[in-house]
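The values are calculated or read from the model by the stated rules, or taken from the named source; none is laboratory data. Keep in mind the model is a prediction, meaning the values are calculated, not measured. Cβ: placed from backbone, ideal geometry, glycine included. Neighbour counts: every protein chain shown. The accessibility values were calculated without ligands, DNA or RNA, using every heavy atom of the protein model including side chains. Shrake-Rupley method; radii C 1.70, N 1.55, O 1.52, S 1.80 Å.
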Amino acid sequence: MTDQDRPAEAPANAPVNAPADAPVNAPADAPADAPVENKPAPVAPHAPVTDREEDGAAHVSTGTTIEAGEAAEAAIPELVIISGMSGAGRSTAAKCLEDLGWFVVDNLPPALIPTMVELGARSQGNVARIAVVVDVRGRQFFESLRESLADLDAKQVTRRIVFLESSDDALVRRFESVRRPHPLQGDGRIVDGIAAERDLLRELRGDADLVIDTSSLNVHELRAKMDAQFAGDQEPELRATVMSFGYKYGLPVDADLVVDCRFLPNPHWVPELRPFTGLNEEVSGYVFNQPGAKEFLDQYTELLQLIAAGYRREGKRYVTIAVGCTGGKHRSVAMSEKLAARLASEGVETVVVHRDMGRE
């Protein structure tokens, strides 16, 4: 056999073309008697390349040049741990962060906090900020919080602890008003549960980065304090749903504000417009060419700007504006579309819903 007839030897690191039913090699550090699982090779346009190594184990090349440590460091989400006394406002604080765009997990066992952070790091930036509510409802899990905090510090996770505090008198009043027992009172009184909880949380309170005393705060004032700490220069968002409806089908039960467009002539009585809806340009033009239509839109938009500023101050994040006409097909639809466009131009995140369009 001549040199030309001999097949060329493959370099040591050349890809190995294994048959589809070939067993997958065990990891390099697996024991010699470890079971080997047979799996069919996946069919993919860019399958990983398997390189032969000296110990016989398979090495899969991912095709990336980014160091794992650098990628993990860049993807580690910011973490806030919310804790404190039962009845002091932990749920309100958590909802405030959720409205600010945080991924919030309530009553997570402390041992799972590092796992939650790792899952957030794998989200490719989709989960950049995580808030976890930890309290005595975790019972035996709560003792592992110190270990979890040490683990987070070792991984250089940016974390803050927010502790909600309140006086005994205020907590007793709150528990009595909702007629619920304290989680730790057992067969004793509410004050016994509060005392036990204070003793359990004493060390965590000392480690807190932010302590908020809610004894004399209402819900809106607590939200304002959380916004001041975590919103930064970002103004709290207001999200609006503009909903058209027909009065003959009933008022929307979830409406915060209701607008009546029945002062405008009804396109239903114009034969060439009757088959269409307020989404049609001719119908919309007919509605806004009526006396008072544009003036109403302008002045009501100004009123909503005033209301929106007050909603933000009071911590209200969502508002539903119902715009009605007789059947919910022409006038209310046209007005809803224009009103939603005005709100969106003012920076309000807006969704338009036409509840009764198409019911006729």
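Can you confirm whether residue 294 is touching a Phe, Trp or Tyr at 6+ places or on another chain (Cβ under 7 Å), free of Cβ contacts under 8 Å to residues at least 60 places away in the same chain and either crowded, with 16+ Cβ neighbours inside 10 Å or not β-branched (Val, Ile, Thr) (or both)? Reasoning before the result, please.
Values: touching a Phe, Trp or Tyr at 6+ places or on another chain (Cβ under 7 Å): yes; free of Cβ contacts under 8 Å to residues at least 60 places away in the same chain: yes; either crowded, with 16+ Cβ neighbours inside 10 Å or not β-branched (Val, Ile, Thr) (or both): yes.
When the stated conditions are applied, residue 294 passes them.
Do we have residue 317 as basic (Lys, Arg) and open to solvent by 50 Å² or more (accessible area, probe 1.4 Å) here?
Working: basic (Lys, Arg): yes; open to solvent by 50 Å² or more (accessible area, probe 1.4 Å): no.
No; evaluated as a whole, the condition is false for this residue.
Working only within segment 230-260, note down all residues that are surrounded by 17 or more Cβ atoms within 10 Å (Cβ to Cβ) and either without any contact (Cβ under 8 Å) to a residue 24 or more places away in the chain or assigned to a strand (DSSP E or B) (or both).
240, 241, 242, 243, 244, 245, 246, 259, listed by residue number.
So if I check each of 328, 310, 358, which one is among the small types (Gly, Ala, Ser), in contact with an Asp or Glu (Cβ under 9 Å, 6 or more places away or on another chain) and either under 18 Å from residue 268 (Cα atoms) or at pLDDT below 90 (or both)? Steps first, please.
On the way: 310 fails: in contact with an Asp or Glu (Cβ under 9 Å, 6 or more places away or on another chain); 358 fails: in contact with an Asp or Glu (Cβ under 9 Å, 6 or more places away or on another chain).
Result: 328 is the single residue among 328, 310, 358 that is among the small types (Gly, Ala, Ser), in contact with an Asp or Glu (Cβ under 9 Å, 6 or more places away or on another chain) and either under 18 Å from residue 268 (Cα atoms) or at pLDDT below 90 (or both).
If you check 122, 159, which single one turns out to be of a type in the set (Lys, Arg), within 17 Å of the chain's Cα centre (by Cα) and open to solvent by 30 Å² or more (accessible area, probe 1.4 Å)? Spell out how you get there, then give the answer.
Numbers: 159 fails: within 17 Å of the chain's Cα centre (by Cα).
After applying the criteria, what remains is 122.
Can you find even one residue in segment 140-147 that is outside any helix (DSSP H, G or I), open to solvent by 60 Å² or more (accessible area, probe 1.4 Å) and of a type outside the set (Ser, Thr, Tyr)? Lay out the reasoning, then the answer.
Our first condition is that a residue be outside any helix (DSSP H, G or I); within segment 140-147, this holds for none.
Looking through segment 140-147, none of the residues is outside any helix (DSSP H, G or I), open to solvent by 60 Å² or more (accessible area, probe 1.4 Å) and of a type outside the set (Ser, Thr, Tyr).
Considering 286, 311, which residue is touching a residue at least 24 places away in the same chain (Cβ under 8 Å), outside any loop (DSSP other than H, G, I, E, B), open to solvent by 30 Å² or more (accessible area, probe 1.4 Å) and not polar (S, T, N, Q)? If you could, list the steps in order and put the result at the bottom.
Numbers: 286 fails: touching a residue at least 24 places away in the same chain (Cβ under 8 Å).
Exactly one residue qualifies, and that residue is 311.
Just for segment 168-181: of the residues that are surrounded by 12 or more Cβ atoms within 10 Å (Cβ to Cβ) and more than 16 Å from residue 219 (Cα to Cα), which one is modelled with the lowest pLDDT?
Quick first cut of segment 168-181, residues surrounded by 12 or more Cβ atoms within 10 Å (Cβ to Cβ) only: 168, 170-175, 180-181.
Subset that is more than 16 Å from residue 219 (Cα to Cα): 168, 172, 180-181.
Values: 168: 91, 172: 91, 180: 83, 181: 86.
Among residues in segment 168-181 that are surrounded by 12 or more Cβ atoms within 10 Å (Cβ to Cβ) and more than 16 Å from residue 219 (Cα to Cα), the one modelled with the lowest pLDDT is 180.
Yes or no: residue 273 surrounded by 16 or more Cβ atoms within 10 Å (Cβ to Cβ), in contact with a Phe, Trp or Tyr (Cβ under 8 Å, 6 or more places away or on another chain) and modelled with pLDDT under 85? Before you say what the answer is, go through the steps one by one.
On the way: surrounded by 16 or more Cβ atoms within 10 Å (Cβ to Cβ): yes; in contact with a Phe, Trp or Tyr (Cβ under 8 Å, 6 or more places away or on another chain): yes; modelled with pLDDT under 85: no.
Judged against the criteria, residue 273 is not a match.
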